[in-house]
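Undergrad: Input: one structure, supplied below.
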């Protein structure tokens, strides 16, 4: 497992637009190495991409330990795509499952 910078793209399976099926107005955009949600760009310094038990996991982090608490509350700290193709996103304040727009109908 190695650290990748912001410029490295997130896995292709995660790229594109996603919504929270419970609130379709909450739009998440994954483009290259960027994650934008609720009009906010996720601020992070590095990511680690892990394959575990068929799941694809992305963990985000910051280099400055003094900023870790604020980062964990204000930015996306993790994404996981399950073996079934479900995408989940979380930080210390929330967690949600995401779906492609229109698939929640």
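Undergrad: For the stretch 6-33, which positions are touching a strand residue (DSSP E or B) at 6+ places or on another chain (Cβ under 7 Å), part of a strand (DSSP E or B), surrounded by fewer than 16 Cβ atoms within 10 Å (Cβ to Cβ) and modelled with pLDDT of 95 or more?
TA: Of everything in the stretch 6-33, those that are touching a strand residue (DSSP E or B) at 6+ places or on another chain (Cβ under 7 Å), part of a strand (DSSP E or B), surrounded by fewer than 16 Cβ atoms within 10 Å (Cβ to Cβ) and modelled with pLDDT of 95 or more turn out to be 16, 17, 29.
Undergrad: Working only within the stretch 78-97, note down all residues that are in contact with a strand residue (DSSP E or B) (Cβ under 9 Å, 6 or more places away or on another chain), outside any strand (DSSP E or B) and free of Cβ contacts under 8 Å to residues at least 24 places away in the same chain. Let's see the steps before the verdict.
TA: Of all residues in the stretch 78-97, those in contact with a strand residue (DSSP E or B) (Cβ under 9 Å, 6 or more places away or on another chain) come to 78-83, 86-91, 95-97.
When the remaining residues are screened for being outside any strand (DSSP E or B), the result is 82-83, 86, 91.
Within the stretch 78-97, 86, 91 qualify.
Undergrad: Here's another thing I want to ask about it. Tally the residues that are assigned to a loop (DSSP other than H, G, I, E, B) and either touching a residue at least 24 places away in the same chain (Cβ under 8 Å) or touching a helix residue (DSSP H, G or I) at 6+ places or on another chain (Cβ under 7 Å) (or both), restricting the search to the stretch 38-68. Break it down into steps so the answer makes sense when it comes.
TA: Let us first name the residues in the stretch 38-68 that are assigned to a loop (DSSP other than H, G, I, E, B), namely 38-39, 42-45, 53-54, 62-64.
Restricting the remaining residues to those that are either touching a residue at least 24 places away in the same chain (Cβ under 8 Å) or touching a helix residue (DSSP H, G or I) at 6+ places or on another chain (Cβ under 7 Å) (or both) gives 42-45, 53-54, 62.
Looking only at that region, the number is 7.
Undergrad: With the requirement that a residue be more than 18 Å from residue 30 (Cβ to Cβ) and within 13 Å of the chain's Cα centre (by Cα), what does the stretch 49-73 give you?
TA: Scanning the stretch 49-73 gives a single hit, 72.
Undergrad: Of all residues in the stretch 69-84, how many are touching a helix residue (DSSP H, G or I) at 6+ places or on another chain (Cβ under 8 Å) and exposed (fewer than 13 other Cβ atoms within 10 Å of the Cβ)?
TA: Let us first name the residues in the stretch 69-84 that are touching a helix residue (DSSP H, G or I) at 6+ places or on another chain (Cβ under 8 Å), namely 77, 79, 81.
Those still in the list that are exposed (fewer than 13 other Cβ atoms within 10 Å of the Cβ) too: none.
The total comes to 0.
The values are calculated or read from the model by the stated rules, or taken from the named source; none is laboratory data. All values derive from a computational prediction rather than experimental measurement. So basically every Cβ, Gly included, is an ideal-geometry build from the backbone, and we count neighbours across all protein chains shown.
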